Amino acid sequence: MEPESIPSPDPLLCNIIYYPLSGEVIGGLLILLLLLISSALISGSEVAFFSLSPNDKDLLKNSKAKVHSIIKKHLEVPDKLLANILIANNFVNVGIVILSTYLVHSTIDFSASPILGFVIEVITITFVLLLFGEILPKIYASSFPLVFSELMARPLQLTSKLFLPLITILLKSTSTVNRRMASKTKNISIDEISQALELTSEEELSEDKGILEGIIKFGTTSVDQIMTPRIDVVAVETGFNIEKIIDIINQNGYSRIPVFKESFDNIEGILYIKDLIPHLEKPESFNWQVLIRPPYFVPENKKIDDLLKEFQKSKVHMAIVVDEYGGTSGLITLEDILEEIVGDIIDEFDEDDRLFAKVNETTYLFDGKTQLNDFFRICSVSDDFFDDIKGDADTLAGLLLEMKGDFPLLQEKLSYKNIDFVVEAVDKRRIIKIKVIFNNTSQQAVL
């Protein structure tokens, strides 16, 4: 019987020489273990500090513990904290790679198989470093961020002082690169955003598209374009008694009413209805004028984005609009400004009468006082469509006056391009109702 064949050992493994462990190697292994633990803690701290929940931050804010004060100090400058963690972690990882390479060569001789030695060193060191120095500590830190932050608060405070020069250089170089990149970044103009919205289909943005268009036009809209004209303003005179004031309030349902003396051009202030409520049972002789608050005046050409900031700063909700001669043109409220972005806001006191009615696909019936901005939005007409003829007009009635150059007659038709305007109702000084007829089947033809 022939003897069984015994597989020959791998010649590559036979050529590897193993050295006995010396005290130097054992000490190196202990240092390597310490460095690996340090790498794990530093890597986990990166996730821990930047994963603190709002509840954790509230706890830190109300706590007087020293370690929590150190954590708050770290979080005050997140760029510096991140730079500190990255520099410290890189130093430790480089130390791990150098020391582990030295220990491998001190215990195993791969000179006969250098390629095998290189593969074993790279795979082993990379696997250990990623698993125990990155993945596992970050998983733990993400689950217990506050505990990990408390553990690493003081060590990172020490490394921030130790690596301060390097951290400073890193932060300055990073800010320089950011500034240069920002200077090369092309600023997107309002016109480009508008064109992008025009190319966007209705299905993609739906209702949000109207809000975005309102935001884009927000900075170019002036007060006189959206104000309530003086003829439509409900106001009271200083000579009215409290009973008459209450009747006007009940009829109109406003929460603030302008108060004038003798003429609407002489506004004394604003009466807040909430200030009047405690005095409803007072006699007619009650001096309600003491409740008047100072008025807030703005010019007609003021941009509404600037006015919104002033409203927020001054904590007022209503302003009296004045013309270049100091006369009262109308009033504007915070609600008027917000409606330019989000559309009409209907509350429980608003009457159920709209400024327009859609008769059919090509015909609308508008109130003469409809603002041109609203007309453009309702009929999907571009803002510059009437630039050649509108002059200083802000309302649809004003547009017809500019077109005619005189007061139009009842049922008179005025045409511009493919739009016909028919005067449906007038009084002695105002155009009340206007019929708007588009001669194309789609309003898009007038864009």
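Residue check: is Arg180 closer than 30 Å to Leu59 by Cα, of a type in the set (Lys, Arg), part of a helix (DSSP H, G or I) and under 47 Å from the mean Cα position of the chain (by Cα)?
For Arg180, the condition - closer than 30 Å to Leu59 by Cα, of a type in the set (Lys, Arg), part of a helix (DSSP H, G or I) and under 47 Å from the mean Cα position of the chain (by Cα) - is not met.
Would you check if Leu86 is over 20 Å from Ala40 (Cα atoms) and either of a type outside the set (Gly, Ala, Ser) or in contact with a helix residue (DSSP H, G or I) (Cβ under 7 Å, 6 or more places away or on another chain) (or both)?
Spelling it out, it is not the case that Leu86 is over 20 Å from Ala40 (Cα atoms) and either of a type outside the set (Gly, Ala, Ser) or in contact with a helix residue (DSSP H, G or I) (Cβ under 7 Å, 6 or more places away or on another chain) (or both).
Here's the yes/no breakdown for (1) of a type in the set (A, V, I, L, M, F, W, C); (2) over 17 Å from Leu75 (Cβ atoms); (3) surrounded by 14 or more Cβ atoms within 10 Å (Cβ to Cβ):
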| position | (1), (2), (3) |
| --- | --- |
| Val97 | yes, yes, yes |
| Phe110 | yes, yes, yes |
| Val122 | yes, yes, no |
| Leu131 | yes, yes, no |
| Ile135 | yes, yes, no |
| Pro145 | no, no, yes |
| Leu156 | yes, no, yes |
| Lys161 | no, yes, no |
| Ile167 | yes, no, yes |
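Tally up the residues in the range 391-410 that are within 17 Å of Asp232 (Cα to Cα) and assigned to a loop (DSSP other than H, G, I, E, B), please.
2
For the range 27-69, how many residues are in a loop (DSSP other than H, G, I, E, B), in contact (Cβ under 8 Å) with a residue 24 or more places away in the chain and among the polar types (S, T, N, Q)?
Total meeting the criteria: 2.
Out of the residues in the range 384-418 meeting the condition of being small (Gly, Ala, Ser) and over 19 Å from Glu300 (Cβ atoms), tell me which one is surrounded by the most Cβ atoms within 10 Å (Cβ to Cβ).
The qualifying residue surrounded by the most Cβ atoms within 10 Å (Cβ to Cβ) is Ser415.
In the range 238-267, which residues are within 38 Å of the chain's Cα centre (by Cα), closer than 20 Å to Ser329 by Cα and free of Cβ contacts under 8 Å to residues at least 40 places away in the same chain?
The answer is Ile257, Val259.
Show the residue pairs that are 6+ apart or on different chains and have beta-carbon atoms under 7 Å apart, the first residue being within the range 279-291 and within 16 Å of Ile249 (Cα to Cα) and touching a residue at least 40 places away in the same chain (Cβ under 8 Å), the second being part of a loop (DSSP other than H, G, I, E, B) and among the β-branched types (Val, Ile, Thr).
Matching pairs, first to second residue: Gln289/Thr238.
So which residues in the range 370-383 are surrounded by fewer than 19 Cβ atoms within 10 Å (Cβ to Cβ) and not acidic (Asp, Glu), if there are any at all?
Listed by number, the residues that qualify are Asn373, Phe376, Arg377, Ile378, Cys379, Ser380, Ser382.
It is to be established whether one or more residues within the range 221-235 are modelled with pLDDT of 90 or more and farther than 24 Å from Gln371 by Cβ.
no
Please list, ordered by first then second residue, the pairs with beta carbon atoms under 6 Å, 6 or more apart or interchain, first in the range 292-317 and in contact (Cβ under 8 Å) with a residue 24 or more places away in the chain and loosely packed, with under 14 Cβ neighbours inside 10 Å, second part of a loop (DSSP other than H, G, I, E, B) and acidic (Asp, Glu).
Going by the 6 Å Cβ cut-off, there are no qualifying pairs.
Among the listed residues Val92, Val119, identify the single one that is more than 34 Å from the chain's Cα centre (by Cα) and closer than 20 Å to Gly28 by Cα.
Criteria check complete, one pass: Val92.
With the requirement that a residue be in a helix (DSSP H, G or I), β-branched (Val, Ile, Thr) and surrounded by 13 or more Cβ atoms within 10 Å (Cβ to Cβ), what does the range 74-95 give you?
Across the range 74-95, the qualifying residues are Ile85, Ile87, Val92.
The values are calculated or read from the model by the stated rules, or taken from the named source; none is laboratory data. The model shown is predicted, which means the values in this text are computed figures rather than measured ones. All Cβ positions, glycine included, derive from the backbone under ideal geometry; neighbour counts span all protein chains shown.
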